[in-house]
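Nothing in this text is a laboratory measurement; each read-out follows from the coordinates by a stated rule. Note that the structure is a prediction, hence the values are computed from the model and not measured. Every residue, glycine as well, gets a Cβ built from its backbone with ideal geometry; the counts of neighbours run over all protein chains shown.
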Amino acid sequence: MTVAFWCVLVAGLLPLATVAVAKASRNYDNADPRTWLAEQQGLRRRADFAHRNHYEAFPWFAASVIVAALAHASQERVDILAVAYILLRLAYTAAYLGNRPSLRSVLWIAAFCCALAIFCAGARGH
């Protein structure tokens, strides 16, 4: 299995890490979690929003890796971009949790550009 495919697994697990931060409370209401999360503020609210964004970004990244594999893109290039994507998404998460919205936006754009480059790598082929 390629490094890029392992990165797809990591990207799929990122939302679980952020939702764990969002739900880490003695008062967490497992009977009505969405309402409880909607009422949160500060770090828990930002963690919930980061969780949602990870799920929103995941399909695009996963599809890009799959398209690049199907198009026989340079595996080394795709692997490097996939690792960069994961590192940028981790930094994005830290910026989100740390309440750094401008930095968060820059990191989101950079990660998106990595996924776009992975997708376009398939156009270049071997």
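To the nearest 20 debye, what charge dipole does the chain have about its Cα centre, counting +1 at the Cβ of each Lys and Arg and -1 at the Cβ of each Asp and Glu? Show your work: numbers first, answer last.
Values: 12 positive and 7 negative charges, 60 e Å.
Here the chain has a charge dipole of around 280 debye.
Using square roots of five times the C-alpha gyration tensor eigenvalues, list the equivalent-ellipsoid semi-axes of the chain in whole Å, biggest first.
32, 14, 10
Points 7 angstrom from Cα along the Cβ direction at Tyr55 and Leu90: gap in nanometres?
2.4
Suppose R0 equals 30 Å. What FRET efficiency, 1/(1 + (r/R0)^6) with r the Cβ-Cβ distance, do Tyr28 and Arg100 give to the nearest 0.05?
Computed FRET efficiency for Tyr28 and Arg100 comes out at 0.70.
At what distance in angstrom do the alpha carbon centres of the range 93-107 and the range 5-51 lie from each other?
16
Working out 0.36 nm times the residue gap between Val3 and Leu70, then minus their Cα-Cα distance, what length gain in nm do you get to one decimal? Working shown, then result.
Working: separation 67, 0.36 × 67 = 24.12 nm, distance 1.53 nm.
Once the chain is fully extended between Val3 and Leu70, it gains 22.6 nm.
In the chain, if the dipole is taken from +1 on Lys/Arg beta carbons and -1 on Asp/Glu beta carbons about the Cα centre, which of Ala84, Leu37, Leu116 is farthest to the positive end?
Sorting the options by dipole projection puts first Leu37.
Which order results if Thr2, Thr18, Thr35 are arranged by neighbouring Cβ count within 10 Å, fewest first?
Neighbour counts put them in this order, fewest first: Thr35, Thr2, Thr18.
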